[in-house]
1. I need to check one value: relative contact order of chain A, counting alpha carbon pairs closer than 8 Å and at least 6 residues apart, in percent.
2. Once each part is reduced to its C-alpha centroid, what is the distance from the range B:83-119 to the range A:20-98 in angstrom?
3. Taking B:Lys192 as the anchor, which aspartates and glutamates have their alpha carbon closer than 15 Å to its alpha carbon, excluding any fewer than eight residues away along the same chain?
4. Longer than 21 Å from Cα to Cα, which of B:Lys73/B:Lys163; B:Lys73/B:Lys195; B:Lys14/B:Lys195 are they? Say none if no pair is.
5. Within a 10 angstrom radius of each residue's Cβ in B:7-15, how many Cβ atoms of other chains show up on average? Whole number is fine.
6. Sequence neighbours fewer than 8 away in the same chain don't count; with that in mind, list the lysines whose C-alpha is under 18 Å from B:Lys109.
7. Ignore the peptide's own chain and count Cβ atoms of other chains within 10 Å of each Cβ in B:57-65; give me the average, rounded.
8. Counting partner chain Cβ atoms within 10 Å of every residue's Cβ in A:30-42, what's the average?
Amino acid sequence: MNCIPALTIENVASLDGILGDFLKQAEAELTVVIDRGGNVISQFGDVSVMDVTIIAALAAGSFAATRELARRIGEVEFNALYHQGNGSHIFMNSVDDDTIMITVFGRRTTVGLVRFYSATTAAAVSELLKSLPVTGGHGFTFDAADVTSVPLFVDRPV
Amino acid sequence: MSIINYASREIQFKIVYYGPALCGKTTNLAYIHERVCPANRGDLVSLATAADRTLFFDFLPLNAVVIKGFVTKFQLYTVPGQVIYNATRQLVLRSVDGVVFVADSQWEKMEENVESFRNLEENLAQQNISIDEIPYVLQYNKRDLGNIAPINYLEFLLNNRRKRAQSFEVTSSTGQNVFASLNAVSQMLLYKFSKQSNVTPTVAPPAVAGQPEPVAAPKIVVPARV
């Protein structure tokens with residue numbers, strides 16, 4: 001991803017199609033595709049109960065942190081990580097060099113099922129991301145003077 | 001690296017607060033979290049040790065202006081300042097769009113400030129980013145303390161490049177200029193983003209208003225460490 005990623009409505013619809021199929025097959029609650037910097041690229045499923053932005057940041061950190069651990073045992077990185085809770089669990093797998101897929105699931109399914117379907121889903125997501133046209137710019141035009149003349153964030157007395 | 005999503009109508013940016021250990025990076029984020037409108041912020045997430053030293057990073061998501069129906073989202077991160085955590089700093093810097101370098105104004109911290117700034121340049125270079133290409137501002141923090149270096153000395157140490165960055169005198173514990181520096185780097189990011197609509201990102205960073213000429217070396221000597 002050397003250019004600025006710009007996802008069109010069609011791109012996101014295609015991604016949603018892939019992720020929606022995955023959620024149905026794996027019977028998971030939520031899946032999020034993020035870049036390794038922690039930015040959300042796409043998400044699908046029940047996002048009402050959690051802050052996806054924070055999950056993305058922490059998941060990217062968690063994935064990156066274990067890379068050193070993997071190196072100690074002669075691996076480049078771990079392709080997948082699983083965090084097991086009492087009722088909710090998280091499974092993360094590598095999509096490509098720039099992208100990670102996170103899946104949140106509960107008691108309705110098993111880690112085996114999620115792992116099985118996530119492999120083919122990751123391959124499909126990777127193909128789709130590779131197929132995005134590489135352009136130099138993001139195509140979103142606006143006049144910078146409109147937004148740079150006023151403070152973006154206001155110090156609000158408590 | 002900014003991401004624009006035409007479906008959810010969002011533009012995401014990543015800003016990293018960088019600097020030596022105990023310089024006030026987390027205090028910056030805590031102040032912003034406390035004072036920004038709750039509707040425009042998420043939770044402040046801190047991965048810290050029991051002694052409140054940042055172990056991995058702090059993270060604060062903020063929503064800002066809406067441009068043509070697109071919400072701009074800024075994700076603020078801090079890095080752990082301690083020297084041993086360089087691998088973590090490299091991870092947090094991944095896909096960074098803008099940097100706030102927080103320097104500690106106390107005399108005895110000058111060496112650490114310079115070392116941390118060099119470390120920032122090296123870690124950016126690993127991502128093929130030059131410090132001259134990325135929007136960044138400098139904070140001279142802890143201006144309320146007694147044993148502090150004058151601004152011209154800090155400028156000489158940290159801001160004596162051909163293209164100088166905007167700098168702020170900051171007291172992060174009281175919030176002085178915390179928002180001013182955040183606004184400055186955010187606006188530089190948006191300016192740069194607006195220039196990247198159709199061209200490869202080789203555009204020079206925006207000129208900073210009122211940018212002075214490079215600083216001549218002041219005749220000040222750093223006192224020996226106590």
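Coordinate-derived values only; no laboratory data. It should be emphasised that the depicted structure is a prediction, and the values quoted were computed from it without experimental measurement. Glycine gets a Cβ as well: all are built from the backbone with ideal geometry, and neighbour counts include every protein chain shown.
1. In percent, rounded to a whole number, it is 25.
2. What the calculation gives is 28 Å, centre to centre.
3. A:Asp143, A:Asp146, B:Asp97, B:Asp132, B:Glu133
4. Values: B:Lys73/B:Lys163 28 Å; B:Lys73/B:Lys195 18 Å; B:Lys14/B:Lys195 18 Å.
The answer is B:Lys73/B:Lys163.
5. Mean partner-chain Cβ count within 10 Å for B:7-15: 4.
6. Within reach: B:Lys25, B:Lys142.
7. Working: counts 4, 0, 7, 3, 7, 3, 3, 4, 7.
Average neighbour count from other chains, rounded to a whole number: 4.
8. Taking all residues of A:30-42 together, the mean is 5.
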